[in-house]
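Here the structure comes first, spelled out in structure tokens, and everything after it is commentary.
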Amino acid sequence: MKTNVAVALAGVLIVAVAGGWWSLSGNKLAAKNDKAPTTAGGGAPALVTLATAEKQDVPVTVQVNGSVVSLNSVDLRPQVTNTVSAVHVKEGQFVKAGQLLFTLDDRNDQANLARARAQQQKDEATMADLERQYKRSQDLVAQNFIAKSAADATLSQLEAQRAAVAADRAAVQSAQVALGYATLRAPIAGRIGAVNIYPGTLVQPTLSLVTVTQLDPIAVSFPVPEGNLQDLLAAARTRSKVEAVVTGRKEPLNGTLDFVDNTVDPQIGTVRAKAVFSNADQSLWPGQFVGTRITVRTLDGATVVPAAALMMLADGTSLYVVDESRTATRRKVKTLHTFGTKVAVSGVEPGEQVVIEGSQNVRPGGKVRVDAKAPAVPNGTTGVTPGSAASSDAKPVRERA
């Protein structure tokens, strides 16, 4: 009986101690919650990193890969079937326009020209004799020694002979042209390609003797997205500057926009453009791939924010703006141009603070606190990362839930 009473008293004591501990813990937790700051949603302020919207002139730059093409390239072929008698150039040599490259065997052409000239001289002598006969016949007709029909017959022979002389002169010109085919000269100034022709080689019109390629000046052909077509056409009218980034060179080469194609490729949505570069040091070579960069227009006084601040939501592009009281407000914006890690937008004023990290924890109208340990956000540059293509309707790269 005594044992049961002792057990009951011990149980009551344990329950009383546990109840006192629970009450004390609850009071401490309530006091702690009362001291913690709250947001509009009832939670703690979100930890974020901020950046300041800046005002600057933003060049709208398009950077794509292009290829070097020659402005003039001639595949030299003979006009006649003949044998090469002399080669006057070496492969890889630079030549001037009109410089002698090849000489063909012209002995047969020389003989044909001499034959045509001899025939012309013979017919001219006959024509001179007929002219004298016609003049005498006119005198005899005037004295009534011969009939007028005899003089008319002499005139007919003279006119026929004059036609023969004209044909002889055309034959001489033809022989001279054929003789001119025996010498092949450079039609343009440029660099000689591979030469596989040697003296004694039989050549014909279907055989290419050599290729002459112009290297200075030279062109770079590159595709531009059709979204930039109107800006590109305006840049072509003012012959805007185009930069070519060549591997191995520290500084880009400068050229001018010279040509925009008259059609847009519907399969890939680009238009072909061409820029001309001075190439005295042969930094550009036909067929070479280079990076091209062209500024098609400039956004004056645009508001620029880091691209990390943008959120792609169901209702469009937006970001969080934080005021002086550390209250976050979600604001819709429109992207004007993306360059590197920066974006030119409308809907935000220069000097306003925007959230670039931690926006997934921010709620509209909620409080935020700035991460003091976050590194400073560097100022953006107006250049485009090499190898990327930027356009005026570029979309932000980060998505938010």
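The residue list Val212, Ala147, Ala170 was ranked by how far each Cα lies along the charge dipole of the range 135-274 toward its positive end, using unit charges on Cβ atoms, and Ala147 comes out on top. In this Cβ point-charge picture (+1 for Lys and Arg, -1 for Asp and Glu), the range 100-231 has a dipole of about 540 debye about its Cα centre. Dipole size of the range 47-143 about its Cα centre, with +1 on Lys/Arg Cβ and -1 on Asp/Glu Cβ: approximately 280 debye, rounded to the nearest 20. Dividing the mean sequence gap of close Cα pairs (under 8 Å, 6+ apart) by how many residues the range 216-318 holds gives a relative contact order of 34 percent.
For a test of the definition: using alpha carbon positions, the gyration tensor, and the 1.5 limit on a/c, classify the range 81-199 as rounded, prolate or oblate. Let's see the in-between values first.
On the way: a/c = 6.55, a/b = 4.23, b/c = 1.55.
Taking the square roots of the gyration eigenvalues as a ≥ b ≥ c, the range 81-199 is prolate.
With contacts taken as Cα pairs under 8 Å and at least 6 residues apart, the range 148-228 reaches a relative contact order of 25 percent.
Under the simplified labelling scheme, the Asp105-Asp371 pair shows an inter-label distance of 8.5 nm, with each label point 7 Å from Cα along Cα→Cβ. Protein heavy-atom accessible surface, 1.4 Å probe, per residue over the range 88-184: 63 Å². With a simple spin-label model that places each label point 7 Å from the Cα along the Cα-to-Cβ direction, the separation between Thr341 and Lys241 comes to 2.6 nm. Positive contributions from Lys and Arg (+1) and negative ones from Asp and Glu (-1), summed over other residues with Cβ under 13 Å from the Cβ of Val89, come out at +3. Please compute the net charge surrounding Asp281, taking Lys and Arg as +1 and Asp and Glu as -1 over other residues with Cβ under 15 Å from its Cβ. Once all neighbours under 15 Å are counted, the net charge is +1. For the range 281-321, backbone nitrogen atoms closer than 15 Å to the point 7 Å from Phe259 Cα along Cα-to-C-beta are found at 286-287. Taking the protein heavy atoms of the range 46-174 in the context of the full set of protein chains, the accessible area attributed to carbon and sulfur is 49 percent at 1.4 Å.
Each Lys or Arg adds one and each Asp or Glu subtracts one; over the other residues with Cβ under 15 Å from the Cβ of Thr238, this totals +2.
The values are calculated or read from the model by the stated rules, or taken from the named source; none is laboratory data. What you see is a predicted model, and the numbers here were worked out from it, not measured in a lab. Using ideal geometry, Cβ is built from the backbone for each residue, glycine included, and neighbour counts are taken over all protein chains shown. Heads up: the accessible areas ignore ligands, DNA and RNA and are worked out on the full protein's heavy atoms, side chains in. Shrake-Rupley method; radii C 1.70, N 1.55, O 1.52, S 1.80 Å.
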